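Data first, discussion second: the structure below is written as structure tokens.
The values are calculated or read from the model by the stated rules, or taken from the named source; none is laboratory data. Every value quoted in this text rests on a predicted model; they were computed, and no experiment measured them. Every residue, glycine among them, receives a Cβ derived from its backbone with ideal geometry; neighbour counts consider all protein chains shown. Calculation scope for accessible area: heavy atoms of the full protein, side chains included, ligands and nucleic acids excluded. Shrake-Rupley method; radii C 1.70, N 1.55, O 1.52, S 1.80 Å.
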Amino acid sequence: MAKLTYYGHASFQVETAGTHILIDPFLTGNPAAKTSVDDVTADYILVTHGHSDHIGDTVAIARRTGAVAVSNAEIARWLSKQGVETHAMHIGGGYPFPFGYVKLTQALHGSSLPDGSYGGNPGGFLLKLDEGKTLYFAGDTGLFSDMRLIGDTGLDLAAVPIGDNFTMGPDDALKAVEFLRPKIVFPMHYDTFAMIEQNVAAWKARVEAVSDAEVMLLNVDGSVEI
Ligand code: NI
Ligand code: MN
């Protein structure tokens, strides 16, 4: 069992065996977020790419909590310069952390940092928790057919963007579910801003009509055991 909490947009916390893992903690300036940057707990912070709606509050949270930020080498270096403890990785590589194996996966997107620095290539994260669950956070990405290979891992949950414009939209995200074959799919990166508004209820119905995946919807700050 792992506990998943949703902070809105593409921000999550995974709690596994007492370890708190944040993914893309964008709370300050996130119109969908309710949790304050001062209230969140973290031992690790996984950052998919450099855009401000993903790297978000990583520096502030890491400084307060001492959490280790995990990202590509370019973003890790940028965070390290700001006093954040980091673990640098790169795409295709994985590492056995104390809570499980984390692999940095590819994403089709950009990754410039908030100050314009080069943020390397964007990514996603595949988490094989020691507790036994396998979770995939796609990050911001367009559809790519190698999602099939990620699906071969056997996913308990896949979080995929559906907002369109900056990432996959509903049609491509439906194809992504077909490639990934997760037990649970969690749609993200929609409705935060007007440009990415989507009818998530309609998308849920479409996915559940053509696949075995359960589409999970959580209110902001909602949690679920998976
Ligand atoms: Ni982005
Ligand atoms: Mn984004």
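Within the range 46-90, the set of residues being assigned to a loop (DSSP other than H, G, I, E, B), away from ligand 1 (no atom under 16 Å from the Cβ) and not basic (Lys, Arg) comprises Gly66, Ala67, Gln82, Gly83, Val84, Glu85, His90. If the condition is being in contact (Cβ under 8 Å) with a residue 40 or more places away in the chain, open to solvent by 20 Å² or more (accessible area, probe 1.4 Å) and of a type in the set (Val, Ile, Thr), then the range 183-225 contributes Ile184, Val220, Val224.
Selection of the range 14-71 for residues being farther than 19 Å from Ser111 by Cβ, modelled with pLDDT of 95 or more and within 16 Å of ligand 2 (Cβ to nearest atom) yields Leu27, Thr28. Return the residues of the range 32-56 that are more than 22 Å from Lys128 (Cα to Cα) and in contact with a Phe, Trp or Tyr (Cβ under 7 Å, 6 or more places away or on another chain); say none if nothing qualifies. Result: Ala33, Thr35, Asp53, Gly56.
Residue-wise test of (1) out of contact with any Ser or Thr (no Cβ under 8 Å at 6 or more places or on another chain); (2) farther than 21 Å from Pro161 by Cα; (3) hydroxyl-bearing (Ser, Thr, Tyr).
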site	(1), (2), (3)
Leu46	no, no, no
Val59	yes, yes, no
Ala62	yes, yes, no
Trp78	no, yes, no
Thr86	no, yes, yes
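State whether one or more residues within the range 132-141 are in contact with a His (Cβ under 8 Å, 6 or more places away or on another chain), more than 15 Å from ligand 1 (Cβ to nearest atom), open to solvent by 10 Å² or more (accessible area, probe 1.4 Å) and not small (Gly, Ala, Ser). No.
For the range 167-181, residues that are open to solvent by 10 Å² or more (accessible area, probe 1.4 Å), more than 15 Å from the chain's Cα centre (by Cα) and touching a residue at least 24 places away in the same chain (Cβ under 8 Å) total 7.
Just to be sure, is Phe193 out of contact with any Asp or Glu (no Cβ under 7 Å at 6 or more places or on another chain) and of a type outside the set (Val, Ile, Thr)? Yes; evaluated as a whole, the condition is true for this residue.
Of all residues in the range 82-124, those satisfying the criterion of being within 15 Å of ligand 2 (Cβ to nearest atom) and in contact with a helix residue (DSSP H, G or I) (Cβ under 7 Å, 6 or more places away or on another chain) are Leu113, Pro114, Gly119.
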